[in-house]
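> Before anything else, here's the structure in question.
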Amino acid sequence: MGERHLRAVRGDGDVPAARAAEPSAAEPSATAPGRRPGRNDAWDDLLERVGLGDQGAYEQLYDMAAGSVLGLAVRVVRDRDMAEDVAQEVLVEVWHRAARFRRDAGSARSWILTIAHRRAVDRVRSEQAHADRLKAHGALPESERAEQDTVVESMHHEWEAARVRAGLSLLTVRQREALELAYYRGFTHREVAQALDVPLGTAKARIRDGLIRLRDAWEEER
């Protein structure tokens, strides 16, 4: 996954230098009653510790998150090298913004992947703007024009989902997380279940219930 390339981000002076993860005196917080322990709890605990400046926690979170961040970036930008650049930017941003994370507003995994998605979309739009400028001057080869058109077409689905985005505040945290993964990141039901560390049926139910709630809200507006 370009691990060496991604790890270079730790040596830029803005984030902790690369080194083996060190044990921390701070133990992960206890799992809330009734909540099944899993990857999300580990991500939440580590991100909170990163927000306190814990470099060892950052090393651990980096190793856990890098694959998911890169995978999402590849799906959006459709270019491996560009996706690795986006992943670097995301992992640096996670270090700088970790103190803003609040687990009562959503999981750390969703918080990090939201940053990754935004960065990837911004990169696609930037590349498209550059291509448009070249096309206006007749400087873009036909093969590159076709490739850019494909990327732009894929992004239309993101923009068409703006109405869903406006209604997400009406949902529960769990419903919102599931819908964001499904509609803004293109996850399948199974991928949503894996990302949220819940059974497949639970993931489907959260998406279904969230859509019903949005539909009811929109009907009330008419």
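> Given (1) surrounded by 21 or more Cβ atoms within 10 Å (Cβ to Cβ); (2) among the charged types (D, E, K, R); (3) modelled with pLDDT under 90, where does ARG49 come up short, assuming only one miss?
Only one criterion in (1) surrounded by 21 or more Cβ atoms within 10 Å (Cβ to Cβ); (2) among the charged types (D, E, K, R); (3) modelled with pLDDT under 90 is unmet by ARG49, namely (3).
> Among helices (runs of 4 or more DSSP H) lying entirely in the stretch 149-202, which contain 2 or more residues that are modelled with pLDDT under 80 and surrounded by 14 or more Cβ atoms within 10 Å (Cβ to Cβ)? Explain how you work it out, then say what you get.
On the way: elements: 162-167, 173-179, 189-196.
Per the criteria, 162-167.
The values are calculated or read from the model by the stated rules, or taken from the named source; none is laboratory data. What you are looking at is a predicted structure, and each value in this text was computed from that prediction instead of being measured. All Cβ positions, glycine included, derive from the backbone under ideal geometry; neighbour counts span all protein chains shown.
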